[in-house]
1. Is it the case, given these coordinates, that residue 67 is more than 27 Å from residue 210 (Cβ to Cβ), hydrophobic (A, V, I, L, M, F, W, C) and open to solvent by less than 40 Å² (accessible area, probe 1.4 Å)?
2. Return yes or no: is residue 216 at negative phi and either open to solvent by 30 Å² or more (accessible area, probe 1.4 Å) or among the polar types (S, T, N, Q) (or both)?
3. Across region 53-64, what is the number of residues that are outside any helix (DSSP H, G or I) and open to solvent by 20 Å² or more (accessible area, probe 1.4 Å)?
4. Residues to consider are 155, 183; find the one that is open to solvent by 10 Å² or more (accessible area, probe 1.4 Å) and either farther than 17 Å from residue 84 by Cβ or modelled with pLDDT under 90 (or both).
5. Suppose we keep only residues that are of a type outside the set (S, T, N, Q) and not in a helix (DSSP H, G or I) within region 214-267. Which one would you say is modelled with the lowest pLDDT?
6. Quick one: residue 255 ticks every box in (1) open to solvent by 70 Å² or more (accessible area, probe 1.4 Å); (2) touching a residue at least 60 places away in the same chain (Cβ under 8 Å); (3) of a type in the set (A, V, I, L, M) except a single one, so which number is it?
7. When only residues in region 85-131 that are of a type in the set (S, T, N, Q) and under 23 Å from residue 209 (Cβ atoms) count, which is surrounded by the most Cβ atoms within 10 Å (Cβ to Cβ)?
8. Looking only at residues that are surrounded by 10 or more Cβ atoms within 10 Å (Cβ to Cβ), over 20 Å from residue 243 (Cβ atoms) and polar (S, T, N, Q) in region 2-46, which one is modelled with the lowest pLDDT?
Amino acid sequence: MRFSKESDGYLSYLKKEKLEKRKILFYQILILVVFTLLWELLANMKIIDTFLFSKPSNIYNLFLQYASNGELFKHIGVSVYETIVGLAIGTFFGIIIAIILWWSEKISKILDPFLVVLNALPKTALAPIIIVWVGAGVEGIIVTAVAISIVVTILSAYNYFINVEEEKVKMLRSFGATKLQILFKLILPANTANLINLTKINIGMAWVGVIVGEFLVSRYGIGYLIVYGSQVFKLDLVMMGVIVLAVCAWAMYAVVSLIEKIYLSRR
């Protein structure tokens, strides 16, 4: 009987959670719909200038035009490829360097001021230099994305590693565990969720690097569409590019969130 009551209570809790999630989703969709309708209404009533702000119907028609001839998907494909590669390289090597800093306290002390300065620098301002060094192509854009995300990855991951409970580390050492065993048996497993969350942050960082790089040199990509639209004063194209960029970033974030949910459920 007690087990049954506990099960009923748990099921009731799950139903409340699902209902709450549906309410949140409903309000999110409602805000988006109301905002879009209000934007369209104000534009049609000439309250806002469509030359400066465009309007949803014009953006939608332009989207259909670019999608029908396949040009839009070519731009999306280029930007997504550059972002994924930049994200993967920046996150991977950032974690590797963070492990090296955790492994050697001496190296971490030596590099600490340099990492702090690099983190404080506006990396987007270095994009022109990076592109001159690497080349005005996909490689330069990817390196820009890596440069923006890698320092944040190093500092964040290193802080995660050194903040693992010291008592657990001491316990493993008391059993004769090597530093390599501590790393793979405790440090990395304890921070897997944190590293996944760090990847979510890096998605935005990588997109910033890609868009800045495309602003400067690219002939393809979402960033190119946005800067081209602004140059020819075609704000419909600019707004469409921004919306497509937001959807792509959200989609990548959703994929990482799904991986996180699968990991947490199995854990």
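The values are calculated or read from the model by the stated rules, or taken from the named source; none is laboratory data. On a predicted model such as this, the values are computed, not experimentally measured, just so you know. Reconstructed Cβ throughout: ideal geometry from the backbone, glycine too, with neighbour counts over all protein chains shown. For the accessible areas, the whole protein counts, side chains as well, though only heavy atoms, and no ligand, DNA or RNA atoms are used. Shrake-Rupley method; radii C 1.70, N 1.55, O 1.52, S 1.80 Å.
1. no
2. yes
3. Adding up the residues that qualify gives 1.
4. Answer to the check: 155.
5. 267
6. Residue 255 satisfies every listed condition except (2).
7. Of region 85-131, the ones of a type in the set (S, T, N, Q) are 91, 104, 108, 119, 124.
So of that shortlist, the ones also under 23 Å from residue 209 (Cβ atoms) come out as 91, 119, 124.
On the way: 91: 24, 119: 12, 124: 16.
Only one residue fits best here, namely 91.
8. 7
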